[in-house]
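The values are calculated or read from the model by the stated rules, or taken from the named source; none is laboratory data. All figures in this text were calculated on a predicted structure; none of them were measured in a lab. Cβ atoms come from the backbone with ideal geometry, glycine included; neighbour counts cover every protein chain shown. Note: areas computed on protein heavy atoms with side chains; ligands, DNA, RNA excluded. Shrake-Rupley method; radii C 1.70, N 1.55, O 1.52, S 1.80 Å.
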Amino acid sequence: MIEIRWHARGGQGAKTVAEFLALVALHEGKYSQGFPEYGPERAGAPIKGYTRVSDDPIRVHSAIYHPDAVVVLDPGLLALPEVGEGMGADTVVVVNSAAVPSEVASRHGYLSGKKLWTVDASGIARDEIGRPIPNMPMLGALVRATEAVKLDSVLENIKKEFSRKFSQKILDGNLKAVRRAFEEVKGGE
Amino acid sequence: MKTLEMKTLALTGNESGAEAMRQIDPEVVAAYPITPQTELMHKFAEFAADGKVATEMILVESEHSAMSACVGASAAGSRVMTATSSAGLALMWEIVYVAASNRLPIVMPVVNRALSAPINIHCDHADSMGCRDSGWIQLYSEDGQEVYDNIIQAVRIAENDGILLPVMVTFDGFIISHTMARVDVLPDKAVRKFIGERTPLHPLLDVNKPVTYGPLDLQDYYFEHKKQQAEAMRSAGAVIKAVGKEYGELSGREYGFFDEYLTSDADFIILALGSTAGTAKAAADELRSAGEKVGVLKLRVFRPFPAEELAAALAGARAIAVLDRSEGFSGIGGPVFQEVRSALYRRYQIPVSGYVYGLGGRDINVEMIASIYGDLKAGRYHEDKAAHFGVRE
């Protein structure tokens with residue numbers, strides 16, 4: 001089982017992407033859970049989302065305390081102690097930042113020695129989707145960093161799910177953004 | 001019999017409940033929103049608006065009215081459902097009893113949420129546990145799959161001519177209601193066939209055979225009616241089992257009063273309801289791989305309480321911990337703790353340790369449950385007064 005914790009601000013789409021990854025995993029024939037931590041719903045407030053993906057049925061129903069991967073949608077949140085909570089030596093950390101991983105690690109000591117990846121997800125989203133909503137490109141980066149699911153299944157499910165709700169332009173933008181983030185994410189050492 | 005081909009869906013617990021309701025296609029549904037149930041009825045109302053069900057939706061102005069509408073429609077002979085949580089259930093209270101006492105087979109998902117005050121939207125079982133004496137059958141669900149399975153079975157259980165009692169299907173607010181996970185659903189036709197049509201015994205609208213529901217009933221007959229109701233509740237056990245078995249033949253997922261997980265040779269057993277039973281199973285898996293003989297008994301049916309069967313299932317344990325997600329304010333322990341201890345009385349001499357946990361959505365995780373097994377192993381029991389577990393001192 002891989003356990004993923006998402007840190008974001010209200011409005012960045014963490015709930016959507018935590019659940020969307022669970023959906024993608026299911027389409028790969030796996031078991032999954034996707035859920036947010038519900039608190040007061042305020043745009044801009046720090047929030048958490050959770051995704052579990054497993055080959056076997058998932059029985060645990062708690063929050064995730066020892067994540068295999070942590071995805072940070074707003075680098076400003078790296079200053080919060082809760083982002084580092086429960087990280088182990090092997091925890092993969094993916095940060096939405098235009099800076100290279102070593103630069104981000106130098107600013108936040110708890111990240112040094114972690115498998116740290118960075119990608120300019122907001123920039124990619126602005127270019128490709130027209131709005132700096134980083135959730136979907138961050139999924140692309142996470143997939144590269146963890147192989148939790150396959151890139152192709154992400155793209156396939158975007159086509160299927162987004163076509164019901166969004167214009168072709170938004171759909172294509174998301175596909176491009178996910179692909180670009182998958183290719184452009186740096187780090188992992 | 002070969003089980004049917006399932007469709008695998010990614011659904012939240014609420015969506016899973018709505019999907020079961022869509023397939024059931026009740027004749028009447030009364031709806032009033034309350035967190036965390038709102039999404040369930042929202043989804044079902046969409047099905048109704050899109051013509052996916054033939055249901056008559058009654059949009060009421062309160063939960064008291066929701067249950068009142070259900071009572072009227074069910075007495076008329078319809079198959080009736082509603083759903084609620086927390087304060088909504090509390091506001092229904094008076095009519096919740098009326099529904100059970102008039103022997104109306106209403107099915108109601110209850111998305112468990114704490115009661116005020118202080119106001120809290122998260123999960124505990126104070127709402128449905130408050131209804132333990134109301135005469136409703138109660139089925140607790142571990143995950144979205146069980147939400148779906150229990151709601152479908154509830155229709156058959158409620159409408160059995162020998163029972164005719166309403167059924168609450170509960171599941172944990174947010175923890176299950178708002179978690180997207182895998183749910184395998186049956187074909188629509190299979191569900192329709194399994195539940196059949198409701199054939200009401202004494203429908204109010206049968207003008208050729210006029211009947212009265214809920215007349216004045218004083219010292220002369222009230223007591224007899226209550227005894228009949230109690231007997232119906234006792235008989236419900238056999239029906240719940242039979243329906244659970246038949247559902248198993250259909251779906252491959254058989255249901256009984258409880259689910260025994262690694263208990264057969266277990267020294268230490270944790271008994272829990274709802275989603276926590278799943279987390280306890282994950283804890284038991286971890287401890288088993290470290291050689292500890294531990295197990296989990298997940299109680300699915302709280303009303304009627306399966307005392308005899310439960311006691312037999314616990315008989316081999318050296319000690320048992322009972323996890324209550326509601327306080328009960330008895331000064332002794334939560335409602336499940338007291339029932340379990342009473343079920344074991346004079347049958348088996350096994351220490352029963354009570355834990356009240358998770359009030360207002362306080363999380364419980366694998367490590368915490370492992371520590372309860374640790375308490376049992378070390379002989380640290382809370383037998384006379386349940387511990388408040390996971391609370392700040």
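Laid out as a table, the results:
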{"read-out": "Subset of segment A:20-35 (residues that are without any contact (Cβ under 8 Å) to a residue 60 or more places away in the chain and either facing chain B (nearest Cβ under 8 Å) or in contact with a helix residue (DSSP H, G or I) (Cβ under 8 Å, 6 or more places away or on another chain) (or both))", "value": "A:A22, A:L26, A:Y31, A:S32, A:Q33, A:G34, A:F35"}
{"read-out": "Criterion (touching a residue at least 60 places away in the same chain (Cβ under 8 Å), away from chain A (no Cβ under 12 Å) and hydroxyl-bearing (S, T, Y)) met by exactly one of B:S264, B:S235, B:S289", "value": "B:S235"}
{"read-out": "From B:V28, B:V107, B:V96, B:V53, residue being closer than 20 Å to B:F194 by Cα, under 19 Å from the mean Cα position of the chain (by Cα) and among the β-branched types (V, I, T)", "value": "B:V107"}
{"read-out": "Matching residues, segment B:154-174, being closer than 19 Å to B:C70 by Cβ and touching a Phe, Trp or Tyr at 6+ places or on another chain (Cβ under 9 Å)", "value": "B:V155, B:R156, B:L165, B:P166, B:V167, B:M168, B:V169, B:T170"}
{"read-out": "Breaking point among (1) free of Cβ contacts under 8 Å to residues at least 40 places away in the same chain; (2) among the aliphatic types (A, V, I, L, M); (3) within 14 Å of chain B (Cβ to nearest Cβ), for A:A45", "value": "(3)"}
{"read-out": "Residue match in segment A:49-63 (condition: open to solvent by 10 Å² or more (accessible area, probe 1.4 Å) and in contact with a Leu (Cβ under 9 Å, 6 or more places away or on another chain))", "value": "no"}
{"read-out": "Matching entry among B:C131, B:C123 (being within 14 Å of another protein chain (Cβ to nearest Cβ) and either assigned to a loop (DSSP other than H, G, I, E, B) or without any contact (Cβ under 8 Å) to a residue 24 or more places away in the chain (or both))", "value": "B:C123"}
{"read-out": "Hits in segment B:350-372 - residues which are open to solvent by 20 Å² or more (accessible area, probe 1.4 Å), over 26 Å from B:N120 (Cα atoms) and either in the same structural domain as B:N112 (by TED's automatic domain parsing) or not hydrophobic (A, V, I, L, M, F, W, C) (or both)", "value": "B:P351, B:S371"}
{"read-out": "Test result for B:D375, open to solvent by less than 70 Å² (accessible area, probe 1.4 Å), of a type in the set (D, E) and closer than 30 Å to A:G39 by Cα", "value": "no"}
{"read-out": "Residue check, B:E56 in contact (Cβ under 8 Å) with a residue 12 or more places away in the chain, charged (D, E, K, R) and closer than 25 Å to B:D161 by Cβ", "value": "yes"}
{"read-out": "Flag if B:V155 is within 19 Å of the chain's Cα centre (by Cα), within 21 Å of B:M108 (Cα to Cα), modelled with pLDDT of 95 or more and part of a helix (DSSP H, G or I)", "value": "yes"}
{"read-out": "Matching entry among B:E254, B:E308 (being open to solvent by 10 Å² or more (accessible area, probe 1.4 Å) and outside any loop (DSSP other than H, G, I, E, B))", "value": "B:E308"}
{"read-out": "Residue count for segment B:203-221, restricted to those that are farther than 20 Å from B:I106 by Cβ and among the hydroxyl-bearing types (S, T, Y)", "value": "1"}
{"read-out": "Filter pass, A:D120 being within 25 Å of A:K169 (Cβ to Cβ) and either charged (D, E, K, R) or without any contact (Cβ under 8 Å) to a residue 24 or more places away in the chain (or both)", "value": "yes"}
{"read-out": "Subset of segment B:70-100 (residues that are open to solvent by 10 Å² or more (accessible area, probe 1.4 Å) and part of a helix (DSSP H, G or I))", "value": "B:V71, B:G72, B:A73, B:A76, B:A87, B:A90, B:L91, B:W93, B:E94, B:I95, B:Y97, B:V98"}
{"read-out": "Where a residue in segment B:158-183 is within 7 Å of chain A (Cβ to nearest Cβ) and under 18 Å from B:A277 (Cβ atoms) and its partner, wherever it lies, is assigned to a loop (DSSP other than H, G, I, E, B) and aromatic (F, W, Y), with Cβ under 7 Å and at least six apart", "value": "B:F174/A:Y38"}
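Let's see how each residue does on (1) open to solvent by less than 60 Å² (accessible area, probe 1.4 Å); (2) assigned to a helix (DSSP H, G or I); (3) of a type in the set (A, V, I, L, M, F, W, C):
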{"site": "B:E5", "(1), (2), (3)": "no, no, no"}
{"site": "B:E15", "(1), (2), (3)": "yes, yes, no"}
{"site": "B:Q23", "(1), (2), (3)": "yes, yes, no"}
{"site": "B:P26", "(1), (2), (3)": "yes, no, no"}
{"site": "B:K43", "(1), (2), (3)": "no, yes, no"}
{"site": "B:K52", "(1), (2), (3)": "no, no, no"}
{"site": "B:M57", "(1), (2), (3)": "yes, no, yes"}
{"site": "B:S65", "(1), (2), (3)": "yes, yes, no"}
{"site": "B:S68", "(1), (2), (3)": "yes, yes, no"}
